[in-house]
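The values are calculated or read from the model by the stated rules, or taken from the named source; none is laboratory data. Note that this is a predicted model, so its numbers are computed, not measured. We place every Cβ from the backbone using ideal geometry, glycine too, and count neighbours over all the protein chains shown. Keep in mind that these areas ignore ligands, DNA and RNA; they rest on the heavy atoms of the full protein, side chains included. Shrake-Rupley method; radii C 1.70, N 1.55, O 1.52, S 1.80 Å.
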Amino acid sequence: MFDTLSDRLSGVFTNLRGKGRLSDADIDATAREIRIALLEADVALPVVRQFIARIKERAGGAEVSKALNPAQQVIKIVNEELVAILGGETRRLQYAKQPPTVIMLAGLQGAGKTTLAGKLARWLRDQGHTPLLVACDLQRPNAVNQLQVVGERAGVQTYAPEPGNGVGDPVRVARDSIDFARRAQHDMVVVDTAGRLGIDAEMMQQAADIRAAVDPQEVLFVVDAMVGQDAVNTAQAFQDGVGFTGVVLTKLDGDARGGAALSVREVTGQPIMFASNGEKLEDFDVFHPDRMASRILG
Ligand code: GDP
């Protein structure tokens, strides 16, 4: 993951080794190389511009430390700025004052929502919670069944519409599931919603209606990291149409470039909260900006 970016950046730093002091020309050259590295990684242009401006400002400024040589100083600055664009602090889940805490998932079809629902439910279970999975993707013929299978694997209960009762009405299923969760003492509810292959007004409206019906503490926008910068456009459409409080990046195992990860926080203003990096239930973790930056810098 991020192989090209890591290689490129390490080349930039190697060029600085052995220099006693950085001239303006050195800083310009370094900034230019970092810019190319980020563009190659498919990072969104406004994010690249802002990143480079910060690097130039800091590397050219008075941040001179006697303990670090110029190469080390640039590495330190790049590291800190990477952590910043990845979101700074790790963002934890927000819980409801009165259970159940409701987490709604939104995103395009194929983004990995249903898989993620299972991973998240299992993770919550491992933390001592009693999550309920809710099947509100009533569009895709097999989606309900897929969520039930995932739920079984995760060892958690799945709420699905009974035949003849709420079939075809995901808003009603969502609303009913909260009452069910309360009665059955589930302290967390994870609502899976329908996606389409592309952005679609009807899907957005349905997701917005589900959001209004269940008033979730978190709306997680689930996005396939492999789509790179396209993730940013989709994120903006979901931000406008439904609104979300956090991002989940999926398929990081297949993402060699890193553009989505490095752009989505800055562009949407919402933190990346979880990362999914494989098809198995355990291929999932809380997203830590500092660890991700360290991985990029190798
Ligand atoms: P949904 O339409 O958003 O509910 O997406 P699904 O959960 O059905 O996932 C779509 C496909 O992506 C499935 O084949 C999943 O196995 C696969 N998938 C989901 N998450 C990951 C991941 O993190 N890594 C990889 N490699 N595949 C994933």
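Counting only protein heavy atoms and a 1.4 Å probe, the chain has 46 square angstrom of accessible area per residue. Site pair ASP179 and ALA237 shows an inter-label distance of 3.5 nm when each label is modelled 7 Å from Cα along Cα→Cβ. In order along the stretch 117-123, phi translates into HN-Hα couplings of 4, x, 5, 5, 5, 5, 4 Hz, rounded to whole numbers, per the Karplus curve 6.51 cos²θ - 1.76 cosθ + 1.60 with θ = phi - 60° and x for Gly and Pro. Full extension of the chain between GLU162 and ARG21 gives 43.7 nm of extra length, using 0.36 nm per residue less the Cα-Cα distance. The share of accessible area on the stretch 142-298 that comes from carbon and sulfur is 42 percent, using a 1.4 angstrom probe.
Taken over the alpha carbons of the stretch 149-222 as equal point scatterers, the Debye sum produces base-10 log I(q)/I(0) values at 0.11, 0.14, 0.15, 0.23 Å⁻¹ of -0.30, -0.49, -0.56, -1.26. Counting only alpha carbon atoms, the long axis of helix 45-60 and the longest principal axis of the chain meet at about 40°. Could you work out the local net charge near ALA53, counting Lys and Arg as +1, Asp and Glu as -1, over the other residues with Cβ closer than 14 Å to its Cβ? Value of the local net charge: +2. When you restrict to C-alpha pairs under 8 Å that are six or more residues apart and normalise by the size of the stretch 160-274, the relative contact order lands at 22 percent. Think of it as helices only: each DSSP H run of n ≥ 4 in the chain is worth -39500 (n - 2.57), and spread over all residues that comes to -16000 deg cm²/dmol at 222 nm. Close amide H partners of ARG257, meaning residues 5 or more places away or on another chain with modelled amide H under 5 Å apart, are PHE2.
Whole-Hz Karplus values for the stretch 250-262 come out as 10, 6, 5, 5, x, 9, 8, 9, x, x, 5, 4, 7 Hz, taken residue by residue from phi with 6.51 cos²θ - 1.76 cosθ + 1.60 and θ = phi - 60°; glycine and proline positions read x.
Amide H contacts of VAL102 (H built 1.01 Å from N, in plane; Pro and chain starts excluded): ALA96, VAL189, GLN217, GLU218 sit under 5 Å, all sequence-distant by 5 or more or on other chains. Each part gets one Cα centre, and for the stretch 182-260 versus the stretch 29-92 those centres are 29 Å apart. Show which lysines lie in cross-link reach of LYS56 when reach means a straight Cα distance below 25 angstrom and same-chain residues fewer than eight apart are skipped. Counting by Cα, and skipping residues close in sequence, LYS56 has these lysines nearby: LYS19, LYS66, LYS76. Here the stretch 21-128 exposes an accessible surface that is 49 percent carbon and sulfur, computed with a 1.4 Å probe and the other protein chains kept in place. In degrees, nearest 10, range 0 to 90: what is the angle between the Cα axis of helix 143-154 and the longest Cα principal axis of the chain? The answer is roughly 70 degrees.
Applying 1/(1 + (r/R0)^6) with r as the Cβ-Cβ distance of ARG196 and THR14 and R0 = 35 angstrom yields a FRET efficiency of 0.15. Within a straight-line Cα-Cα reach of under 16 Å, LYS251 can be paired with the following lysines, leaving aside sequence neighbours fewer than 8 residues apart in one chain: LYS113, LYS119, LYS280. Charged neighbours of PRO131, selected by a Cβ distance under 14 Å, balance to 0 (K, R count +1; D, E count -1).
Largest mean-square fluctuation among PHE284, PHE13, PHE51, in a Gaussian network model of the chain whose springs join Cα atoms under 10 Å apart, belongs to PHE13.
Three principal axis extents of the chain based on alpha-carbon atoms, in descending order, are 75, 37, 30 Å. The angle between the Cα long axis of helix 3-16 and the main principal axis of the chain comes to about 20°, on a 0 to 90 degree scale.
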